[in-house]
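For reference, the structure is listed below as structure tokens.
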Amino acid sequence: GAGAAVWFLGLLEPYQVARFTAFVRPSTDPRGVGYNSTQALNAIGSGQMFGKGLFGGGQTTGRFVPEQHTDFIFTVAGEEFGFVGSVTVVLLIGVVLLRGVRIAWQCEDRFGTLVAGTIVCWLAFQSFVNIGMTVGIMPITGLPLPFVSYGGTATFTNLVAVGLLQAIYIRDRRF
């Protein structure tokens, strides 16, 4: 209901409406608003099972994928390392998330559990949205892939989050 109200009351700018339209059907404007998602899908699909090798991807080395060092970094993994490399990236992020869940589960106080659980949810949501937008199941946003994307602020906040998880883990251990 809220989405329909936003749509009919005209609260969205034209470029925002165009982004949603490109999310639903990127083929409607493949050289305009749908360009990013079309090129991302082409890059990931061209990697096939084992990829084209490091710096061997035509889509990424030819700069057809925009913002490939930040928002679309997963396309680089998909094209150059293929399905195996993409699954490896997802598994490595999953290890960090599972360790965070374990810390939250074993925490003795409620505040530590809430902080650790919030950090895990934040990193999981950010990872899901970034990978989802590159494979076409989420609209294109500006979220970086945690621990993979280039960017000082994103890297700093991810490291602070892991530091908080470690502080919670250490605080609950008695010597």
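For the chain, a Kirkwood radius taken over Cα pairs fed into Stokes-Einstein (25 °C, viscosity 0.890 mPa s) yields D = 137 µm²/s. Considering helices alone, the calculated mean residue ellipticity of the chain at 222 nm is -21000 deg cm²/dmol, with DSSP H runs of length four and up weighted by -39500 (n - 2.57) and normalised per residue.
The order of the peptides 75-85, 36-46, 153-163 by mean Cβ neighbours within 10 Å, most packed first, is 75-85, 36-46, 153-163. Each Lys or Arg adds one and each Asp or Glu subtracts one; over the other residues with Cβ under 11 Å from the Cβ of Q68, this totals -3. With the whole protein complex present, D71 retains an accessible surface near 30 Å², based on a 1.4 Å probe. Per-residue HN-Hα couplings for region 145-162, Karplus 6.51 cos²θ - 1.76 cosθ + 1.60 at θ = phi - 60°, whole Hz, x for Gly and Pro? Residue by residue, region 145-162 yields 7, x, 6, 10, 5, 7, x, x, 5, 5, 5, 4, 5, 5, 5, 5, 4, 5 Hz. If you roll a 1.4 Å probe over the chain with all protein chains in place, what percent of the accessible area is carbon or sulfur? Carbon with sulfur: 69 percent of the solvent-accessible area.
Centre-to-centre, using Cα atoms only, region 122-161 and region 32-46 are separated by 18 Å.
In terms of accessible area, using a 1.4 Å probe and ignoring ligands and nucleic acids, C121, C107 rank largest first as C121, C107.
Taking a Cβ cut-off of under 14 Å around V17, the surrounding Lys, Arg, Asp and Glu residues balance to a net charge of 0, with basic ones at +1 and acidic ones at -1.
Model label points for V90 and A5, set 7 angstrom from Cα along the Cα-to-Cβ axis, are 3.6 nm apart. Simple spin-label estimate for R102 and F83 gives 2.9 nm between the two label positions (7 Å along the Cα-to-Cβ direction from each Cα). Taking label positions 7 Å along the Cα-Cβ direction at both V17 and F125, the computed distance is 2.8 nm, reported to one decimal. A full extension of the chain between Y150 and D109 corresponds to an added length of 11.3 nm, given 0.36 nm per residue minus the alpha carbon distance. Ligands, DNA and RNA are left out, and with a 1.4 angstrom probe the accessible area of region 19-147 is 56 Å² per residue.
Dividing the mean sequence gap of close Cα pairs (under 8 Å, 6+ apart) by how many residues the chain holds gives a relative contact order of 20 percent.
The values are calculated or read from the model by the stated rules, or taken from the named source; none is laboratory data. Note that this is a predicted model, so its numbers are computed, not measured. Here Cβ is always computed from backbone atoms with ideal geometry, including for glycine, and neighbour counts include all displayed protein chains. We work out accessible area using only protein heavy atoms, side chains counted, and drop any ligands, DNA or RNA first. Shrake-Rupley method; radii C 1.70, N 1.55, O 1.52, S 1.80 Å.
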